[in-house]
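**Q** I am attaching a structure below and will ask some questions about it afterwards.
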Amino acid sequence: TYKLMRTLKLIDNIFGILVLYAGPFGTNFLLMYSYFKTVSWTYAEAAQIDGAGTLRCFIHVVLPVCQPILGAAVALSFADCWNLVEQPLTYLTTHTELYPLSVVFNQLTQQSTGVEFAGAALYTLPALLIYLYFQNDILEGVQLTELK
């Protein structure tokens, strides 16, 4: 990966960070693809027979059926991007101002204990909120995966 990033001249570049954050989407694509293969398409076919177009069938029939896997994919993508540590340290060697919060939080351990605990609480808060928002989708997606 480092050789590819160096060849594309994405080392110490803001676009290199965007490529890093796009990495987890490949895994989620495969996760959603395997889920879409198991979805019963009879409702979509019935909607098309009733006159709905392809886009309308996808938005109003298929996406609501796939809501659990989409919620799980969003939560997993956020967790992957939020916890990046090694990649920014490797690919952003001179631009320390572009470091994400996960890397900056590690530098707080040099200071007093009160700042560390406050930073840890603030650092985990967005991940906790994302999980609480998508909790039902994650649990439902896992349960549906076990049944299939």
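Where a number appears in this text, it was derived from the coordinates with a stated rule and is not lab data. Please read all numbers here as calculations on a predicted model, not as lab measurements. FYI the Cβ positions are ideal-geometry reconstructions off the backbone, even for glycines, and counts take in every protein chain you see.
**Q** Suppose every Lys and Arg Cβ carries +1 and every Asp and Glu Cβ carries -1, with no other charges. What dipole size does the chain come out with about its Cα centre, to the nearest 20 debye?
**A** Taking the Cα centre of the chain as origin, the dipole is about 400 debye.
**Q** How far is it, in nm, from the label point at T1 to the one at V115 when both lie 7 Å from their Cα along the line to the Cβ?
**A** With each label placed 7 Å out from Cα toward Cβ, I get 3.0 nm.
**Q** For the chain, what does the relative contact order come out to in percent, with C-alpha contacts under 8 Å and a separation of six or more? Before the final figure, lay out the partial values.
**A** On the way: 94 pairs, mean separation 44.5, N = 148.
In percent, rounded to a whole number, it is 30.
**Q** Would you calculate, for the chain, the mean residue ellipticity at 222 nm contributed by helices, counting each DSSP H stretch of 4 or more residues as -39,500 (n - 2.57) and dividing by all residues, to the nearest 500?
**A** Taking each H run of at least 4 residues, the total per residue is -21000 deg cm²/dmol.
**Q** With only alpha-carbon atoms counted, please give the Rg and Dmax of region 1-136, in Å.
**A** Rg then Dmax for region 1-136, in Å: 20.3, 66.
**Q** Label point 7 Å out from K37 along Cα-to-Cβ: which residues of region 66-107 have amide N under 14 Å?
**A** Answer for region 66-107: none.
**Q** Could you give the angle, 0 to 90 degrees to the nearest 10, between helix 113-133's Cα long axis and the longest principal axis of the Cα atoms of the chain?
**A** 10 degrees
**Q** How far, in nm, would the chain grow between L55 and L30 when pulled straight, counting 0.36 nm per residue and subtracting the alpha carbon separation?
**A** Net length gain for the segment: 6.8 nm.
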